[in-house]
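Note sheet for the following structure.
The values are calculated or read from the model by the stated rules, or taken from the named source; none is laboratory data. Everything numeric here is computed off the predicted structure, so don't read it as measured data. When we count neighbours, we look across all protein chains shown, and the Cβ atoms used for this are built from the backbone with ideal geometry, even at glycine.
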Amino acid sequence: MALLELEDVRAGYGATSVLHGVSLSVPEGQIVSLLGANGAGKTTTLRSITGGVHWTGDIRFGGRSLRRMHTEDVVRLGIAHVPEGRGILTELTVDENLKLGSHLRRDGAAVRKDYDRVFEYFPVLRERRRLSASTLSGGEQQMLALARAFLMKPRLMLLDEPSLGLAPLIVRAIFEIIRTINGADKVAILLVEQNARLALDVSSEAYVLEVGRVAVKGSSSELQGNEAVRRSYLGY
Amino acid sequence: MQEFLQLVVSGIATGGIFASLALALVLIYNAMGLVNFAQGEMAMFATFVAFTLIAHGMNYWLAFVITLVVAFAGGIAIERVVIRPIERAPILTLVIVTLGLATLINGLAGSIFGYVPRAFPSPFSVQTVNILGALASFQDLGVIAVSAVVLLAIYLLLQHTTVGLTMRAAAHHAEASRLLGVRVSWMLALGWGLASAVGSVSGIMVAPIILLEPNMMQTIIIYAFAAAVLGGIESPLGAVVGGVIVGVTVNLAGVYLPFVGGDLQLAVALAIIVAVLVLKPNGLFGRPTVRRV
């Protein structure tokens, strides 16, 4: 059984419907890409999972339905959602942002180890611990968002366009760490990306959304090898 | 000079009282962008609770602590019952509701406790002590000490505990906080509870000076508004500094500006509000607000 399953999920904002029946699944410990053009419904899919938008159909996490659950309760089941715009609390310091990631955990010793690992992955965060998060650059804020999600010790991470607006070198570093987190901790990841080439490189499976429906799905290598799919949906 | 120093010390004492109520206003403003016009009445009602406990022979400080706990629970109850159902209403609706709440609590206190002003006990003697040539009363020093302890406790709670961190997070960015597992709605309720408890300290401290009756906080809340606006309505530190500045200013103006006297002291507070809004709308510690047009 997959860790996360979406079954015929429909969602929208007020009278505007965005998802017209999306079904997908994320197996335990795997990276799955969710690709598609702007407005295809990628962000809305992630927001449905964590209850940020009203949806119908069914979403199950670890076999348990998330229907009518509040965002904070979904998150407490072990889902870390790095939203569009990264969700950094810019009024707080870097350290306080990180603490918000680990604040629900009771395994003190493991938390301390995880902080060490975070600072090993992102040394710049250690240097800036006491500074306001608003002073960080875009890339550093993305690192902070990832680090904070990691400190939640989730079973599943939802990443919404981690490469958005970042320099290629920084993007490469961030994806390296996404791969590391997935490999070392068996954290499953549902990765939303505009940059399809990059996403297919790190993921094992992929879905392509087109106007609120799954247009193509398959293993990432299959999609990479299929020129028709690449041209018509992925733009490279 | 000696008179000046004495006025400053007693000004700081009243400033501490204003600061507590101003901090209560700031806590709720930070949590939901709302000015709680019922804050003064909530403090007044809590003071009646303290009065009743003490009148039944309870030790002053025990009554003080129990009143804070009751006020805390009362603040949470008000948020859950009155504010929660209209949480998403336009801010003006919420403001009107707090005005209604003020009237309601005032009437409730009147019908339960009556409108006859009562002497409220003070744990501090009115004797004076000589500090650097200025005579300060134990009453003033006691009020300063109690205010300082309460304000310090709130500071430590907000800045150095996990619950304080989640409260600040929920206040600044509800959506991002939910994604981190913060129960935002409960944090708002907690903010109301905390505000109610801090505000009640101002009621208990001021009651021995101005006598206890249902309308006693109606001028104090104006001074508290002045303090909060002066400090920058979002800043807890600003509320405290603003409270002290307003307390001292009003005290000095009452004596040194002949036309102010005792009658126009409230006008000084209003003048401070107007001056801040005109000259420095963000107050001393407020951050400039950027609005995209």
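Taking only the stretch B:272-288 into account, find how many residues are buried (at least 16 other Cβ atoms within 10 Å of the Cβ) and assigned to a helix (DSSP H, G or I).
3
Could you check, for the stretch B:211-223, whether at least one of its residues is within 19 Å of the chain's Cα centre (by Cα), within 14 Å of chain A (Cβ to nearest Cβ) and either part of a helix (DSSP H, G or I) or of a type outside the set (Gly, Ala, Ser) (or both)?
no
Quick one: which residue in A:216, A:192, A:229 is surrounded by 22 or more Cβ atoms within 10 Å (Cβ to Cβ) and not small (Gly, Ala, Ser)?
The conditions single out A:192.
Restricting attention to the stretch A:47-63, does a residue exist that is buried (at least 21 other Cβ atoms within 10 Å of the Cβ) and touching a Phe, Trp or Tyr at 6+ places or on another chain (Cβ under 6 Å)?
yes
Select from the stretch A:112-149 the residues that are touching a strand residue (DSSP E or B) at 6+ places or on another chain (Cβ under 8 Å) and of a type in the set (A, V, I, L, M, F, W, C) and list them in ascending order.
Answer for the stretch A:112-149, where residues must be touching a strand residue (DSSP E or B) at 6+ places or on another chain (Cβ under 8 Å) and of a type in the set (A, V, I, L, M, F, W, C): A:131, A:133, A:145, A:146, A:149.
Any idea which residue in the stretch A:191-233 is modelled with the lowest pLDDT, counting only those that are assigned to a loop (DSSP other than H, G, I, E, B) and farther than 23 Å from residue A:44 by Cβ?
So the residue we want is A:226.
Looking at B:257, B:252, B:237, B:279, which one is under 19 Å from residue B:29 (Cα atoms) and of a type outside the set (Ser, Thr, Tyr)?
Answer to the selection: B:237.
Working only within the stretch A:115-169, note down all residues that are in contact with a Gly (Cβ under 6 Å, 6 or more places away or on another chain), part of a loop (DSSP other than H, G, I, E, B) and at negative phi.
A:152, A:154, A:155, A:166, listed by residue number.
Only one of B:241, B:248, B:255 is under 16 Å from the mean Cα position of the chain (by Cα), in contact (Cβ under 8 Å) with a residue 40 or more places away in the chain and under 21 Å from residue B:206 (Cα atoms). Can you tell me which?
Unique residue meeting the criteria: B:241.
Out of the stretch B:109-150, which residues are more than 28 Å from residue B:239 (Cα to Cα), polar (S, T, N, Q) and out of contact with any Phe, Trp or Tyr (no Cβ under 7 Å at 6 or more places or on another chain)?
Passing the criteria: B:111, B:128, B:130.
Can you pull out the residues in the stretch A:90-113 that are more than 7 Å from every other protein chain (Cβ to nearest Cβ), touching a residue at least 40 places away in the same chain (Cβ under 8 Å) and part of a helix (DSSP H, G or I)?
Hits for the stretch A:90-113 are A:94, A:97, A:98, A:102, A:110, A:111.
Only one of these is surrounded by fewer than 18 Cβ atoms within 10 Å (Cβ to Cβ) and within 22 Å of residue B:101 (Cβ to Cβ): B:196, B:185. Name it.
Result: B:185 is the single residue among B:196, B:185 that is surrounded by fewer than 18 Cβ atoms within 10 Å (Cβ to Cβ) and within 22 Å of residue B:101 (Cβ to Cβ).
Right, residue A:118: over 22 Å from residue A:38 (Cα atoms), surrounded by 17 or more Cβ atoms within 10 Å (Cβ to Cβ), in contact with a Pro (Cβ under 7 Å, 6 or more places away or on another chain) and not basic (Lys, Arg) or not?
Considered against the rule, which asks whether it is over 22 Å from residue A:38 (Cα atoms), surrounded by 17 or more Cβ atoms within 10 Å (Cβ to Cβ), in contact with a Pro (Cβ under 7 Å, 6 or more places away or on another chain) and not basic (Lys, Arg), residue A:118 comes out as no.
Is one or more of the residues making up the stretch B:184-202 under 22 Å from residue A:76 (Cα atoms), within 14 Å of chain A (Cβ to nearest Cβ), more than 16 Å from the chain's Cα centre (by Cα) and without any contact (Cβ under 8 Å) to a residue 60 or more places away in the chain?
yes
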